[in-house]
1. Pull up the range B:110-124, narrow it to residues that are surrounded by fewer than 16 Cβ atoms within 10 Å (Cβ to Cβ) and in contact with a strand residue (DSSP E or B) (Cβ under 8 Å, 6 or more places away or on another chain), then point me to the one that is farthest from B:TRP181 (Cα to Cα).
2. Across the range A:243-267, which residue is surrounded by the fewest Cβ atoms within 10 Å (Cβ to Cβ) among those that are within 27 Å of A:ALA23 (Cα to Cα) and facing another protein chain (nearest Cβ under 8 Å)?
3. Sort out which residues of the range A:24-39 are within 19 Å of A:SER176 (Cβ to Cβ) and assigned to a loop (DSSP other than H, G, I, E, B), and write them in order of number.
4. Working carefully through the options B:LEU17, B:LEU42, B:LEU51, find the one that is modelled with pLDDT of 95 or more, within 25 Å of A:ALA230 (Cα to Cα) and in a loop (DSSP other than H, G, I, E, B).
5. Restricting to the range A:94-118, what's the tally of residues that are under 22 Å from B:SER214 (Cα atoms), touching a residue at least 24 places away in the same chain (Cβ under 8 Å) and part of a strand (DSSP E or B)?
6. Which residue is modelled with the lowest pLDDT, if the candidates are limited to the range A:142-193 and must be of a type in the set (Val, Ile, Thr) and either more than 13 Å from the chain's Cα centre (by Cα) or more than 23 Å from A:VAL19 (Cβ to Cβ) (or both)?
7. Which residue, of A:ARG102, A:ARG92, is among the charged types (D, E, K, R), within 14 Å of another protein chain (Cβ to nearest Cβ), closer than 30 Å to A:ASP264 by Cβ and surrounded by 13 or more Cβ atoms within 10 Å (Cβ to Cβ)?
8. Report, by residue number, each residue of the range B:246-267 that is of a type outside the set (Lys, Arg) and touching a residue at least 24 places away in the same chain (Cβ under 8 Å).
There are 2 protein chains.
Amino acid sequence: MPTADVDPAGSTGDGRLEVVALAGIPEIRPGDDLAGELGDALERSAGLLPLRPDDVLVVTQKIVSKAEGAIVDLTSIEPRPEAVAFAQRWDRDARQVEVVLREARRVVRMANGVLITETSHGFICANGGVDASNVGPDSGQIVTLLPVDPDASAAWIRRAIEARFGVDVPVIVSDSFGRPWRWGIVDVAIGVSGLAPLEDLRGVADHDGRVMRSTVRAVADEIASAAELAFGKTTARPAALVRGANPPRAEASMRDGLMSPEFDLFR
Amino acid sequence: MPTADVDPAGSTGDGRLEVVALAGIPEIRPGDDLAGELGDALERSAGLLPLRPDDVLVVTQKIVSKAEGAIVDLTSIEPRPEAVAFAQRWDRDARQVEVVLREARRVVRMANGVLITETSHGFICANGGVDASNVGPDSGQIVTLLPVDPDASAAWIRRAIEARFGVDVPVIVSDSFGRPWRWGIVDVAIGVSGLAPLEDLRGVADHDGRVMRSTVRAVADEIASAAELAFGKTTARPAALVRGANPPRAEASMRDGLMSPEFDLFR
């Protein structure tokens with residue numbers, strides 16, 4: 001990571017962050033032009049254009065998965081006995097449990113009605129990111145999966161936004177994850193394009209020129225969380241522009257932000 | 001949680017979040033008037049006054065701990081043999097390991113050079129929140145502890161800000177925590193006053209009036225993360241005002257956001 005842009009006087013950036021949730025994005029269905037809808041929403045939002053290279057566009061997993069067709073109709077699913085038993089014991093939908101198990105590389109915990117798996121991407125999360133859909137009145141039968149390659153999803157959105165507006169804006173695909181030890185969900189990054197998930201400040205001199213920082217900031221995850229705050233209480237705003245976070249620009253992958261097993265103390 | 005303020009049209013709030021880091025706060029030492037410094041910084045920052053009741057003031061643990069005298073001089077610490085052995089094996093300061101163990105209610109993991117404990121407050125984090133200080137040239141001997149009661153810390157700051165500006169603004173005391181499975185730190189809330197750490201949207205109708213949300217948002221943690229993004233690359237801005245997040249107002253405790261042992265799958 002370059003450190004030349006760290007001002008020892010502590011005036012890097014102007015210390016201001018602005019997050020604008022994008023409204024008016026319709027329900028997305030497989031094959032819909034999601035990037036076009038995002039671009040239209042950017043044009044409708046007061047004060048967002050022209051885009052700036054230090055903006056970050058955050059797009060939630062659910063509309064990305066829908067656009068890419070990463071959905072499953074539960075009526076097509078035949079659950080295995082293990083899924084049926086778990087679902088009966090904990091009052092869950094056995095077909096959804098089956099989909100979670102199919103998406104899993106590894107079951108991390110399956111207890112107390114909670115099913116935590118490691119997905120094919122390496123994410124460890126509840127229900128493997130499989131989520132009930134919000135599409136339409138009979139949506140109870142449809143679940144969304146995580147995108148097959150969320151970095152690639154972020155990349156095609158980034159390219160489409162650059163083609164339309166002429167500015168190369170980093171893109172994060174975000175999802176809502178629970179955490180051990182704390183209640184509630186926070187949004188984190190599951191795919192990135194054009195920015196690094198981490199900013200390594202270890203060895204960077206702090207503002208008094210003596211103290212060295214010893215921190216690796218999970219900037220992509222924090223940007224995803226800031227975006228979620230602007231989404232607010234509904235799912236009507238499934239994307240946001242974050243201005244002022246200044247994450248490190250890089251051709252990177254969200255895999256860079258995941259711990260490898262030898263460092264993982266909570267397998 | 002009241003749901004009357006949830007607009008079914010999805011227009012709750014205006015979907016905009018602004019975060020302004022407070023600059024010019026000097027090094028804080030035990031007994032310093034931290035609330036006075038925060039107030040001065042709010043007055044210096046363009047556009048922040050008048051404060052609004054839906055603002056949230058985020059203050060980092062380190063300056064709160066310093067103001068409250070929650071610091072330890074390592075030269076006064078005699079490490080136990082277990083601390084010496086762990087420190088020698090993993091190239092750490094045995095006295096700091098000793099302080100972490102003294103602050104711990106329980107050791108969660110002690111491996112790979114990583115020491116994860118449960119603090120007296122119930123937080124599970126690396127090194128029990130014990131952190132090398134940034135105070136002065138000989139700061140290598142001083143570590144900060146977590147505040148004894150971070151909710152109480154948030155409360156006295158909140159009262160002082162209200163006394164000065166006449167607006168009751170919720171306060172979060174934040175700290176940087178690592179997470180299982182992902183590299184890097186994100187800021188989370190360790191103390192709250194005037195807001196609930198969680199917003200329970202389960203059963204709230206979504207924007208199309210049919211779909212029910214099934215989410216509990218960890219709003220205090222997300223607000224802490226958004227503030228950290230505005231702090232930027234240095235510790236010169238140890239507090240921020242977050243405008244537009246609209247967390248639920250409540251007389252609450254950060255303990256409400258922590259899982260009790262019977263739900264904890266990662267003891």
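1. B:SER120
2. By that ranking, first place goes to A:ASN246.
3. A:ILE25, A:GLU27, A:ILE28
4. Working: B:LEU17 fails: in a loop (DSSP other than H, G, I, E, B); B:LEU42 fails: in a loop (DSSP other than H, G, I, E, B).
Going through B:LEU17, B:LEU42, B:LEU51 in turn, the sole match is B:LEU51.
5. Residues meeting the conditions: 2.
6. The first filter runs over the range A:142-193 and keeps only residues of a type in the set (Val, Ile, Thr), leaving A:142-144, A:148, A:157, A:161, A:167, A:169, A:171-173, A:185-186, A:188, A:190, A:192.
Pick out the ones that are also either more than 13 Å from the chain's Cα centre (by Cα) or more than 23 Å from A:VAL19 (Cβ to Cβ) (or both) and you get A:142-144, A:148, A:157, A:161, A:167, A:169.
On the way: A:ILE142: 90, A:VAL143: 93, A:THR144: 95, A:VAL148: 98, A:ILE157: 98, A:ILE161: 98, A:VAL167: 97, A:VAL169: 98.
Among those residues, the one meeting the criterion is A:ILE142.
7. Working: A:ARG102 fails: within 14 Å of another protein chain (Cβ to nearest Cβ).
Criteria check complete, one pass: A:ARG92.
8. Taking the range B:246-267 and keeping what is of a type outside the set (Lys, Arg), we get B:246-248, B:250-254, B:256-266.
Hits for the range B:246-267 are B:ASN246, B:PRO247, B:PRO248, B:ALA250, B:GLU251, B:ALA252, B:SER253, B:MET254, B:ASP256, B:GLY257, B:LEU258, B:PHE266.
The values are calculated or read from the model by the stated rules, or taken from the named source; none is laboratory data. Just so you know, these numbers come straight off a predicted model, no measurement behind them. As a convention, Cβ positions derive from the backbone with ideal geometry for all residues, glycine included, and neighbour counts pool all protein chains shown.
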